[in-house]
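Below is one structure, written out as structure tokens, with a few remarks after it.
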Amino acid sequence: MKIIADENMPYVEALFADLGSITRVDGRKLTAEQVKDADVLLVRSVTCVDEHLLSLNHKLRFVGSATIGLDHLDQTYLKQRQIPYTNAPGCNATAVGEYAFMAMLELARRFHQPLKQKTVGIVGAGNTGSALKKCLDAYGVSCLLHDPFLAETEDERDFVSLDELIARCDVISLHVPLTKAGKHPTWYLFDEQRLESLLKGCWLLNCCRGEVIDNRALIEFKQGREDIKLVLDVWEGEPHPMAELIPLAEIATPHIAGYSLEGKARGTFMLYQSLCRQLGKNADKSMTSLLPPLWIHQLTPLSVPDERTLLSLCRLVYDLRDDDELFRQQALMPNGFDLMRKNHKYRREFSALTLANTACSDVDWLSKLGFSGVGL
């Protein structure tokens, strides 16, 4: 069995080598000729899997995308061809939630505005939005949710309209898929009009898709509203962000909010499990065996007395400032955006750090935040 896999997808050899021969490819430049003999195709969001890509292939048995979204897969065509496909929903949710939470802590420290005094609006309450809410709830931050799709289901959480969320929130974090059609499209969800309606001093974070915000309108808006603080992990026109927008963001990174080692391993592992089910084989490997230990595996805190200390604790796991600095240096270089993503291999989640002192009075909420703990 021939397996074609994106060169930036981790742990493929460790998980799939027993199932077939593996060929690594540049997912952004993948051609029909390269996949014509593939039995299995493993991709990321940079690869559009459609009739054009599969025009020469008549034997494909499985398509797996190690992503939370499916907008890059032509699902109608795959169904017509009766080609099974899957993604990895929720694989990087924890990483994205923790990224947004840490970015808020960074802004809070930079501008001397405690996060606990803010009201945070989460637009999109699926896997990643819920992961952020988990962090905020653990820390005791007030939240509002907007999700028109979940609001129409049996979800018991309280939801508000987008206009109400914008009117009431000091911080807004975006966690929606990119859609152009349907009842609630998200393409340019934050256009010039919505940007103008943001509260004075609002923090706006985008960790989903660049085009959820009209980036050109954002440039013009931000130039006249220095009070608005931006955290941008995603950019319209990736991998070529608008050069004028980068210096206007307080924190800027190359679409790596979900790029924890845990999230990457989880995404590939979910595809491994799905393919094994498709083939009728037992998934006899474990995800935990893929991960290396954190450089500081265990810590014994006496307490976490303030927000500054909490941020210092988070930075032991992942220091967001490093990626921001590197992005500003390399984002506009040839292939700089993609190379930063390809070489991003050190990010960890809170769970990688064990807090050993069970007598610490803060251990309960730190555990809820995601840190591991002895005896918890």
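FYI, it's all coordinate maths here, none of it is from the lab. Not measured: the values here are computed from a predicted model. Reconstructed Cβ throughout: ideal geometry from the backbone, glycine too, with neighbour counts over all protein chains shown.
Remark: segment 167-174, residue by residue, has Karplus-estimated 3J(HN,Hα) of 6, 10, 9, 7, 9, 10, 10, 9 Hz, where x stands for each Gly or Pro and the curve is 6.51 cos²θ - 1.76 cosθ + 1.60 at θ = phi - 60°. Going toward the positive end of the dipole of the chain, with +1 on Lys and Arg Cβ and -1 on Asp and Glu Cβ, which of ILE4, ILE83, PRO247 do you reach last? Highest projection toward the positive end goes to ILE4. For a quick check, take a GNM of the chain with Cα springs below 10 Å and name the residue from ILE246, ILE256, ILE296 with the largest mean-square fluctuation. The residue with the greatest mean-square fluctuation here is ILE296. Measure nothing but the geometry: give the 0 to 90° angle between the long axis through the Cα atoms of 307-317 and the longest principal axis through the Cα atoms of the chain, rounded to 10°. The helix 307-317 is inclined about 20 degrees to the chain.
The Cβ shell under 15 Å around ALA5 holds other residues with a net charge of +1, Lys and Arg each +1, Asp and Glu each -1. The residues HIS297, HIS72, when put in order of fewest to most other Cβ atoms within 10 Å, stand as HIS297, HIS72. What you get for segment 93-252, charging only the Cβ of Lys and Arg (+1) and of Asp and Glu (-1), is a dipole of about 400 debye around the Cα centre.
Each Lys or Arg adds one and each Asp or Glu subtracts one; over the other residues with Cβ under 15 Å from the Cβ of LEU326, this totals -1.
Distance between the pseudo-spin-label points of ARG328 and PHE149 (7 Å out from Cα toward the beta carbon): 3.6 nm. In this simple spin-label approximation, ASN282 and THR179 carry label points 7 Å from Cα along the Cα→Cβ vector, and these lie 4.1 nm apart. Around the amide H of ASN87, modelled in the peptide plane, lie the amide H atoms of SER65, all under 5 Å away and 5 or more residues distant in sequence or on another chain.
Taking Cα centre as origin and charging only the Cβ of basic (Lys, Arg, +1) and acidic (Asp, Glu, -1) residues, the dipole magnitude of the chain rounds to 840 debye. With contacts taken as Cα pairs under 8 Å and at least 6 residues apart, the chain reaches a relative contact order of 14 percent.
Karplus-based coupling profile of segment 325-335, in residue order and whole Hz: 4, 5, 4, 5, 7, 10, 4, 9, 6, x, 6, with θ = phi - 60° in 6.51 cos²θ - 1.76 cosθ + 1.60 and x standing for Gly or Pro.
Sequentially through segment 58-75, phi angles give Karplus couplings (6.51, -1.76, 1.60; θ = phi - 60°) of 10, 9, 4, 10, 6, 10, x, 10, 7, 9, 7, x, 10, 5, 8, 9, 7, 5 Hz, Gly and Pro residues having no value and appearing as x. Distances between placed amide hydrogens fall under 5 Å for LEU205 paired with ILE172, SER173, LEU174, VAL231, all partners being 5 or more residues away or on another chain.
Using alpha carbons only, how many angstrom separate the centre of segment 1-72 from the centre of segment 294-309? Comparing the Cα centres of segment 1-72 and segment 294-309, I get a distance of 41 Å. In this simple spin-label model, placing a label point 7 Å from the Cα along the Cα-to-Cβ direction at both LEU302 and ARG24 gives a separation of 4.8 nm. Net charge of the neighbourhood of ARG347, taken over other residues with C-beta under 10 Å away and scored Lys/Arg +1, Asp/Glu -1, is -3.
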